[in-house]
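Take a look at the structure below.
The values are calculated or read from the model by the stated rules, or taken from the named source; none is laboratory data. Note that this is a predicted model, so its numbers are computed, not measured. Note that each Cβ is placed from the backbone with ideal geometry, even for glycine, and that neighbours are counted across all protein chains shown. Keep in mind that these areas ignore ligands, DNA and RNA; they rest on the heavy atoms of the full protein, side chains included. Shrake-Rupley method; radii C 1.70, N 1.55, O 1.52, S 1.80 Å.
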Amino acid sequence: MEANQNTNARSPLLTRRSFAAATGAGVCLAALGTLRAQAATYDSYIKPEAGQGAGTYCSGCDAHCSFTAYSADGQVTRMVADGTALCQAGYAYGRVPGSDEQLTAPLKKDEGGSFAEVSWEDALGAIAGAAGGSVAAVVNRNNANGWYLQALAQALGATTVVAADGFGGEARRAGVAAVLGAQDLVPDGAPSRLVVAIDASAGKTDSADRLAHLARSRAAGGCAVLIDPVMPASAGVYDEWLCPLPGTEGALLMAVANRLYHDGAFDEAALAALDPQYRSWLATLDTFTPQWAEAETGVPAAKITSLASRIAQAAPAVAFDIAGVGAAGNMFASSAQTAAAACAVAALAGALQAPGGTQVVPEIEWGSEGIPAVVADGVLSDLFSGGSSAGLLLVDAVDLTSAYPGGPAFEAATKGATTVAFASTLTPTAALCDYVLPVACPLQSDQLPAVASAGAPALVAGRAVAAPPEGVSTLEECCGQLAQACGCADKVAIAAEEVAAVRLAPFGLTAEGLRASGRAELSSYPQAPFTVSLSAATWAPSVSLGAGDQLFLLAGFAPFVPDAMHSAHATGAQVLIHPQVAQAASVASGDDVSVATRFGELTLPALVTERVHPATVYVSLAPDGVVSLDVLGPQEAALAEGGAVALQETLVSIQKAGA
């Protein structure tokens, strides 16, 4: 696999403008085979007997991968993916039902920071008492049943409601919405002549459908290019790795658009049909030359021109995979720009909705009279920048600490508020709250319909696989109980089946029918034509680096352990450092390295590798999931469009520990 080679590289000052990347080829792994082996390993942790089966989907991320789960005696015995396999987090879902870590009673934190079980009556009474002031809520964007918490928050007169994603992704969605007015952009299921993956090293690096699609495309003679400041474990499926300076991926894509335009490698009539104002956008591309992008990204202009030629030759069967853009591990203030640029290049190449190309996942408006949609009228940064002064903060089970600020930032932002988590296990975010109300995990309750972007875009719905423990309610029931305690039960007394029926009525589907079939591909139903606003695709640098020892700090996920209950349980915390940086700091693999920011300091073992950009120090999440995030200083980080906190734009200095 090729990597960047810049024959014009200058003295390696680690600056955003002047540093030119010179990275070699790294580790190549048979990623799909590894993933299948992981799936078999996870199956070995599940009991072999079949039990009772039911179709459902994973709400761990917005891919919403569907699968059939089998249960016996309140435990999940086996999970069979509808696609190739689930990711590690997906299989870990099956470990929750019946486990010792599942919460069975409300918890209250004492003054010493320890939790003790309390009665439902005491917990609900205390929370209702705090509801007299201002209220804010964080709902899990990926959990369709989070609608009930949204409805409860609205009934309580919430001033701020945030739809968050534990893996990040707000910025990606903002970029896609700006250009396409859609929910997401995903590769078509058919083999592609070219796959362009961006930021695949993020939290979603082990997507089974991504790797399966890559394997099908390669088998059919296609090729794949990776644009990423870090080489992921799945690197073996790519033909070429372009390693830009972190956060400049969008600049590279705008330069690709420049070449496609000036080479005439686009269908002007088709582009005009998508965006009547396309000519004004094309005129802006003159600025974004490959030579300009080389100075911005460190990727040689010749490599950028070559990528544009590959796209032109493979069009329209070009799949743009942007699932990792803005996700945990690659959260930049420029992530929305990167997603928007990818949408624009896909449109320019004629790849949108083309077989083997890139599919647009439409934004489904779920709301109707009497049943509001989940609408985020605030952004997550409101909670971490002093914008919210709520007396009561309700938090869905989404684990904010895995992709957002760690403990100190959360506690500082919520000081003086009564914080309440709705969770099935004591996640790091739940552990930061004053009260934890136990709710059934997703496999223990029927799931409202959602849009799945894994594989072909489809509608999915879930059926409860196992019964929750005695005394544990579904999120729907728990929100109803709290609404009763607060005196507003009439405002949230809407049955799950009624909500599901309203959501599916435009498609002529029923929840029971959809659960029985597992999924209904959106291509089978009439689609409203989407409109393209190419003018939303542009590039403006978000942050500048100084010279010398100031580098980017990225924090991402290490491999999951088999009994992980949530994403923050990871192993192998270490610092990945490029050989050029290591040599300057006299660091060798295995040495303890001090990584310092103005907010804190970490000491972790070093791994010297060419898998990272020379201007990047990559820190994997520590086992407790919050240590590395606490030094990122989100209070002063630039904020990405859509409200995501740009965690990976923190400047650091490194030195050998004890030096």
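Structure notes:
- Loop-resident GluC sites (Glu not before Pro) (DSSP state other than H, G, I, E or B) in region 76-180 with no more than 13 further Cβ atoms inside 10 Å of their Cβ: 101, 111.
- Of the residues 320, 507, the one with the largest accessible area comes first in the ranking 507, 320, computed with a 1.4 Å probe on protein heavy atoms.
- Stretch gain in nm, segment residue 501-residue 268, where the contour uses 0.36 nm per residue and the Cα spacing is subtracted: 79.6 nm
- Per-pair calculated FRET efficiency, R0 = 30 Å: residue 415 and residue 540 via Cβ, rounded to 0.05: 0.30
- 3J(HN,Hα) couplings calculated from phi for region 185-201 with the Karplus curve 6.51 cos²θ - 1.76 cosθ + 1.60 (θ = phi - 60°) are, in sequence order, 10, 9, x, 5, x, 6, x, 10, 6, 8, 10, 10, 9, 10, 6, 6, 7 Hz; Gly and Pro show x.
- Distances between placed amide hydrogens fall under 5 Å for residue 195 paired with 223, 224, 225, 319, all partners being 5 or more residues away or on another chain.
- Note, ³J(HN,Hα) from phi for region 506-518, Karplus 6.51, -1.76, 1.60, rounded to Hz, x at Gly and Pro: x, 9, x, 10, 10, 4, 5, x, 5, 5, 5, 8, x
- Taking 0.36 nm per residue of separation and subtracting the Cα-Cα distance, full extension of the segment from residue 467 to residue 656 would add 62.8 nm.
- Taking 0.36 nm per residue of separation and subtracting the current Cα-Cα distance, fully stretching the chain between residue 80 and residue 68 would add 3.8 nm.
- With the cut-off at under 11 Å, measuring from each backbone N in region 257-286 to a point 7 Å along the Cα-to-Cβ line of residue 531 picks out 275-277.
- Karplus-derived 3J(HN,Hα) values for region 146-151, using 6.51 cos²θ - 1.76 cosθ + 1.60 with θ = phi - 60°, are x, 3, 5, 5, 4, 4 Hz; glycine and proline are entered as x.
- Distant-in-sequence amide contacts of residue 612, defined by a placed amide H-H separation under 5 Å and a gap of 5 or more residues or a different chain, comprise 231.
- Between amide H atoms placed 1.01 Å from N, distances below 5 Å from residue 82 occur with 66, 67, 68, all of them 5 or more places distant or on a separate chain.
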